[in-house]
1. For segment 153-207, take the alpha-carbon Rg, divide it by the Kirkwood Rh, and send me Rg/Rh.
2. So what's segment 31-102 giving for Rg/Rh, alpha carbon basis, Kirkwood Rh from the mean inverse pair distance?
3. Can you grab the distance from the C-alpha centre of segment 33-47 to the C-alpha centre of segment 60-135, Å, no decimals?
4. Please arrange 143, 134, 94 by accessible surface area, largest first, computed with a 1.4 Å probe and ligands excluded.
5. What does the C-alpha gyration tensor say about the overall shape of segment 2-49? Classify as rounded when a/c is under 1.5, otherwise prolate if a/b is larger than b/c, or oblate.
6. May I ask you to rank 145, 2 by accessible area, largest first, using a 1.4 Å probe over the protein chains only?
7. As a check on your grasp of the helix formula, calculate [θ] at 222 nm for the chain: sum -39500 (n - 2.57) over DSSP H runs of n ≥ 4, divide by the residue count, round to the nearest 500.
8. Quick one: length gained pulling residue 35 to residue 200 fully straight, 0.36 nm per residue minus the C-alpha distance?
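The values are calculated or read from the model by the stated rules, or taken from the named source; none is laboratory data. Here the structure is a predicted model, which means the values were calculated and not measured. Just so you know, the surface numbers come from the protein's heavy atoms only, side chains and all, with ligands and any DNA or RNA stripped out. Shrake-Rupley method; radii C 1.70, N 1.55, O 1.52, S 1.80 Å.
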Amino acid sequence: NMVTNLGVKFDSQLTFYPQINAICSQSYKLLRNLASVKRFLSSSDLRVLVQSIIVSRIDNCNSLLYGVLGRNLSKLQKLQNACARLIFGKKKREHVSPLLHELHWLPIRQRIIFKILLFVFKFYQNIALFYIMESLSKSERGEFMLKVPRTSTHYGDRAFSNCAPKLWNALPLPIRASNTIMHFRSQLKHHLFANFDLFNSNVNLYT
């Protein structure tokens, strides 16, 4: 019913529920440890520790979580929210969106999309791993466009070879045409922060 590959737990239905549970269980323990020594740390040091030992766990292999049910992703979002509240010393019921913006942390769903689109940019820069290079094909329909393969199942829609082109084609051309990875990351992050609803509507054009 479940196997572990490169530290990621794959269940038979690809819900990634065991993987998400493992991340949350380990991370909340670390979060409690950090909370116990918070008074000895500066705010900048606390932020570095949270990002390096907890947020890095959330981001590890997160591109696999594209298309996962919202109730499963919400567990990771609650974990990220707890990290932000710890850094700023806020209570559980206080609104967290302003904290994420101040930290410049994308919410979980946007972080997954960000990772996938970063792989595609590396494809255009010819610096992606070979299996990613083989998964994508350029389209002749427009500049910096990818072919979107046809699928007939939910699992097919979640596949990198299908979701990555749809996400990429939904980006504005100036972002797709970025010359450097630093410029691309900066523009993409801003776009996902400021225009995520518009971006989502554009993704649906490429189904």
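1. On the way: Rg = 12.0 Å, Rh = 11.9 Å.
Rg/Rh for segment 153-207 comes to 1.01.
2. Working: Rg = 13.0 Å, Rh = 13.1 Å.
Rounded to two decimals, Rg/Rh equals 0.99.
3. Centre-to-centre (Cα) distance: 23 Å.
4. Details: 143 120, 134 145, 94 70 Å².
Largest accessible area first, the list is 134, 143, 94.
5. Numbers: a/c = 4.31, a/b = 3.25, b/c = 1.32.
Verdict is prolate for segment 2-49.
6. Working: 145 25, 2 95 Å².
Result, largest first: 2, 145.
7. Values: 12 runs with 121 residues, N = 207.
Mean residue ellipticity, 222 nm, calculated: -17000 deg cm²/dmol.
8. Working: separation 165, 0.36 × 165 = 59.40 nm, distance 3.63 nm.
Gain in length upon complete extension: 55.8 nm.
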